[in-house]
Amino acid sequence: MDLKAKPFYLNDADIRWVESTLAGMDRKEKVGQLFCLMFMGEDGAAYLRQLEADGIRPGGMLARTMPGIVAQNTVRAMQAQAKIPLLVPANLERGGDGMAADGTQFANPLQIAATDDETHAYRLGLIAGREGRAVGCNWAFAPVIDIDYNYHNPITNTRTYGSDPDRVLRMAKAYMKGLQECGLAVSIKHWPGDGVDGRDQHLLTSVNTLSVEEWDATYGKVYQGMIDAGARTVMSAHIMLPAYSRKLRPGIQDTEIHPATLADELNNDLLRGQLGFNGLVVSDATPMAGFAAAMRRDLSVPGMIASGVDMYLFSVNIHKEFQMMLDGIEKGILTEARLDEAVTRILALKASLKLHKQQADGSLVPGIEALSVLQCEQHQAWARECADLGVTLVKDTQHLLPLDPATHKRVLLYVLGDKGGFMGEGKPTHERFVTRLEENGFEVTKFDYDAMRGPAAWGSPISRDPLGFLSNFDVVLYYASLTTASNQTAVRITWGFPMGVDVPKFVHDIPTAFVSVANPYHLQDVPMVKTFVNAYTPSEYVIDAVVDKLVGKSAFKGINPVDPFCGYWDARL
């Protein structure tokens, strides 16, 4: 390790702090630094106190989303009791709301890609950095530099900057520039690259099936560009890269090919050796099945660090896994030298962020006045501009738009998904969509799914005489907010009973349009719809922009950052 070189750039005083801190640790303290755990809500400080009472001093504590004031107070309390300043990461992929619930939801990366202007990726980095820093965050688990090649993938989707490696690199570099200007570190993810497999590493060990030459020209190009630009950390994922494992370990058996989190050849030979990465490697979450199912836990816990990962993210049982790490050293799975190397990189990251100096002068967490940056006027103005530029008209082959209340006043609205955000909390976003349409002079009737439940559904007007029912309306709109998330094996439209009562069957009998605010690939299920809009982010800024464009107040400006037709020729009609 050269701590004076990229990406740490430590001076002599910083290096002395790293070396003296390492020298002052016993084995248990070093092992504690390997763990980055998770806290939720105000119990973070109490959780940390209990860990420290049990002899576990973690190197980092990741924050789940909570109100900004709660996050700030909790991080401040944790940092005050930490002997060595904590890394405090958060998933700042789409704005400041990755840690502070009242932060700015700027845009999903795919929306930014649809602008084809890295100015907005830079602003995303600034917003994430400013608002993350305000609540005590110092490390972003972003940007996502996966390439969205497979429309079946249930994870990448709107979290990526699309399917063009060059655009992914341009956008990711701009995000990193903005974030680093705020004093935070990035973690580029998910090494060695998600988006090829149609499966989810949360649920199994997934596979990047590209050849060596294909990987070099795509994911390798993006990772090399981000490393050269100064990315300080990489998130190693539970994804296999068989072509490179076979190249770097000739004769390796298929049963010996492991995900990157357990693959020495991917972390050390490829990432550090071939690509020249000198920074810190953190794992993706270790409770995921992609890690848990790959190897016995008592072997994988120390084996991960032995394989070149420096920091262990989350835990199934921290006390047992802490002991597994110690036992792994005694058994020779993990050497003392490798332990020291990993901890040195963790401390070097902290020093590069000046956490040791901030701890000394009390500035690790800013004052309450810093919270004024959350959803500040400038950030909201930027979000509105990005929404205006990102919303994409995929097709309008029936020449329906713009909608005019003089001819399409009576709207039948089908709402697909939109359960109110992650895990169903929050307010459904279609309500704002309805309000904006009504403000523009439309009468909106929301399709009543409750009336279609039970035996009586067969006798309902729309089941008995759908054309008669539709004669009460001038246009049919679909509003879909079906967000990809872990633990879902697919995100497809599930139609209503009876007989797919909400399927757009009558597109030749009544003008029909479809708006998707959370997934760009719904045309695989509704190819018959002739007017289709992708909007990428279910935010108030995007919804307002969508309605303005539907009624002709604003032109559609977004480009397709992926293939929204999913390769189906009929979806283009």
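The values are calculated or read from the model by the stated rules, or taken from the named source; none is laboratory data. The structure displayed is predicted, hence computed values, not measured ones. With ideal geometry, Cβ positions are generated from the backbone for all residues, glycine too; neighbour counts draw on all protein chains shown.
Of note:
- The set of residues in the range 26-68 being under 23 Å from the mean Cα position of the chain (by Cα), in contact (Cβ under 8 Å) with a residue 60 or more places away in the chain and in a helix (DSSP H, G or I) consists of 68 alone.
- Against the criterion of being in a helix (DSSP H, G or I), under 17 Å from residue 349 (Cβ atoms), among the basic types (Lys, Arg) and assigned by TED's automatic domain parsing to the domain that holds residue 189, residue 133 qualifies.
- Selected residue (criterion: nearest to residue 414 (Cα to Cα)) from residues of the range 499-527 that are among the hydrophobic types (A, V, I, L, M, F, W, C) and out of contact with any helix residue (DSSP H, G or I) (no Cβ under 8 Å at 6 or more places or on another chain): 503
- Residue satisfying condition, being in contact with a helix residue (DSSP H, G or I) (Cβ under 9 Å, 6 or more places away or on another chain) and free of Cβ contacts under 8 Å to residues at least 40 places away in the same chain, within set 259, 242: 242
- Of all residues in the range 233-273 being more than 24 Å from residue 140 (Cα to Cα) and among the polar types (S, T, N, Q), the one that is farthest from the chain's Cα centre (by Cα): 253
- Note on the range 23-59: residues that are surrounded by fewer than 17 Cβ atoms within 10 Å (Cβ to Cβ) and farther than 13 Å from residue 319 by Cα amount to 10.
- Considering 224, 180, 201, the condition of being buried (at least 24 other Cβ atoms within 10 Å of the Cβ) and either closer than 28 Å to residue 556 by Cα or not assigned by TED's automatic domain parsing to the domain that holds residue 536 (or both) is satisfied by 201 alone.
- Residues located in the range 64-114, provided they are of a type in the set (S, T, N, Q) and over 15 Å from residue 538 (Cα atoms): 65, 72, 73, 74, 79, 81, 91
- Filter result for residue 510 (in the same structural domain as residue 436 (by TED's automatic domain parsing), in contact with a Phe, Trp or Tyr (Cβ under 8 Å, 6 or more places away or on another chain) and buried (at least 20 other Cβ atoms within 10 Å of the Cβ)): no
- Criterion: in a loop (DSSP other than H, G, I, E, B), in contact (Cβ under 8 Å) with a residue 60 or more places away in the chain and more than 27 Å from residue 491 (Cα to Cα) - qualifying residue of 162, 183: 183
- Failed item in (1) within 30 Å of residue 203 (Cα to Cα); (2) at pLDDT 90 or above; (3) out of contact with any Gly (no Cβ under 8 Å at 6 or more places or on another chain), with residue 484 passing the rest: (2)
Residues checked against (1) surrounded by fewer than 19 Cβ atoms within 10 Å (Cβ to Cβ); (2) aliphatic (A, V, I, L, M):
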| position | (1), (2) |
| --- | --- |
| 276 | yes, no |
| 281 | no, yes |
| 288 | no, yes |
| 312 | no, no |
| 319 | yes, no |
| 323 | yes, no |
| 334 | no, yes |
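- Residue, nearest to residue 393 (Cα to Cα), within the range 508-541, restricted to residues that are hydrophobic (A, V, I, L, M, F, W, C) and not in a strand (DSSP E or B): 535
- Enumeration of residues in the range 99-122 that are surrounded by 24 or more Cβ atoms within 10 Å (Cβ to Cβ) and either closer than 29 Å to residue 351 by Cβ or of a type in the set (Phe, Trp, Tyr) (or both): 99, 100, 103, 106, 121
- Exactly one residue among 496, 500 is in contact with an Asp or Glu (Cβ under 6 Å, 6 or more places away or on another chain), over 23 Å from residue 112 (Cα atoms), at pLDDT below 95 and not β-branched (Val, Ile, Thr), and that residue is 496.
- With respect to the stated conditions, residue 133 fails to be out of contact with any Cys (no Cβ under 8 Å at 6 or more places or on another chain), surrounded by fewer than 24 Cβ atoms within 10 Å (Cβ to Cβ) and at pLDDT 95 or above.
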